[in-house]
Amino acid sequence: MSQPGIKVFAPASIGNVGIGFDLMGMALEAPGDEIVARFADEPGIHIARITGAGGKLPTDPEKNTAGKAALAVLRHLGLAEKRGIELELYKKMPFGSGLGSSAASAVAGAMAVNELLKRPLEKKALLRFALEGEAIASGSKHADNVAPSLLGGIVLVRDHESPDVIRLPVPPGLFVAVVYPHITIRTEDARALLKPAVPLALHTQQAGNLAAFVAALYRGDLDLLSRCLDDVIIEPQRAPLIPGFYDVKKAALAAGALGCSISGSGPSVFALCANSLIAEEAGKGMQSVFAKAGIESDLFLSRINMKGAFKF
Ligand code: HSE
């Protein structure tokens, strides 16, 4: 009979939050990924099962985001040759959606090993191992999805290598509507199209927006927050990947959203709202624009998830 094991959850997240390319992210309540972990006889990490991925994810732990993060924790603890751990990955969110799917799997992988081993590491210490998993999927180490998925809240990433992350205050009531149109954008592709240089005037504008956004969160000033949510660098370059993006954005703002932009590398689009009613209206408005263009979509309505990943 197999051992009971433990089960963890890691949530979806919105990378960039528009103005903080690779620097800021926020966690959603749902969707998210789940992992069941139990001890196995053979040393190392073994991925016994993946559901919800349509057979598209590798079970080789070195090539799988969850497996790689789990291995990184086990290696760090010096246990890769001594302990065997079997993982079952339940993907409960779309990948290639801009909702931080690979980050959620990586966070869940690192959490699962730590929890099964009765927490030899602090939660925050898992960040660098989850980042190793995330790097497999996106081709680069950026913590704007991994950090909020692990720690919850809205997180600013000062440095990805250390990593040095700061959890920011979240004004009460803040709600997000995220619409996932059923088209796929690979993060690697959406990164490759970005111009490597930024005109100085745009850099200045964006830095002002990001800095003032942080100030708005500390003050709980939603008017200021709304004025800041204007990505002048990344959004214009990626918008052509999402059919009807500017009409979708217009619909969200018309419904009263504080701001609207691309979630991570897309194709999902998020609208940050002062309350759940506005979020619902903004979400419906965005969906109807996609529907008119013949694109099916899913709507996720969520508070900012303050808890991040957890063990059930
Ligand atoms: N910050 C990343 C990007 C998020 O925009 O490419 C997607 O992983």
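Determine whether region 255-271 contains at least one residue that is over 22 Å from the mean Cα position of the chain (by Cα), more than 14 Å from VAL17 (Cα to Cα) and surrounded by fewer than 18 Cβ atoms within 10 Å (Cβ to Cβ). Break it down stepwise before answering.
First, pick out the residues of region 255-271 that are over 22 Å from the mean Cα position of the chain (by Cα): 255-256.
From what's left, more than 14 Å from VAL17 (Cα to Cα): 255-256.
Still in the list and also surrounded by fewer than 18 Cβ atoms within 10 Å (Cβ to Cβ): 256.
The answer is yes; a qualifying residue exists.
Condition first: more than 11 Å from GLY20 (Cα to Cα), buried (at least 16 other Cβ atoms within 10 Å of the Cβ) and aromatic (Phe, Trp, Tyr). Now tell me which residues in region 205-238 satisfy that.
Correct list: empty.
Can you say whether SER105 is within 16 Å of the ligand (Cβ to nearest atom), in a helix (DSSP H, G or I) and not aromatic (Phe, Trp, Tyr), as far as the supplied structure shows? Break it down into steps so the answer makes sense when it comes.
On the way: within 16 Å of the ligand (Cβ to nearest atom): yes; in a helix (DSSP H, G or I): yes; not aromatic (Phe, Trp, Tyr): yes.
Yes; evaluated as a whole, the condition is true for this residue.
Which of the strands (runs of 3 or more DSSP E) found entirely inside region 118-196 contain at least 2 residues meeting this: more than 15 Å from the ligand (Cβ to nearest atom)?
Details: elements: 154-159, 164-168, 175-181.
Hits in region 118-196: 164-168, 175-181.
For ALA12, are the conditions met, namely being within 16 Å of the ligand (Cβ to nearest atom), hydrophobic (A, V, I, L, M, F, W, C) and either buried (at least 24 other Cβ atoms within 10 Å of the Cβ) or not in a loop (DSSP other than H, G, I, E, B) (or both)? Before the answer, list the steps.
On the way: within 16 Å of the ligand (Cβ to nearest atom): yes; hydrophobic (A, V, I, L, M, F, W, C): yes; either buried (at least 24 other Cβ atoms within 10 Å of the Cβ) or not in a loop (DSSP other than H, G, I, E, B) (or both): yes.
Judged against the criteria, ALA12 is a match.
Computed from the coordinates by the stated procedures, all read-outs in this text should not be read as laboratory data. Please read these numbers as outputs of a predicted model, since none were measured by experiment. Note that we place each Cβ from the backbone using ideal geometry, even for glycine, and neighbour counts take in every protein chain shown.
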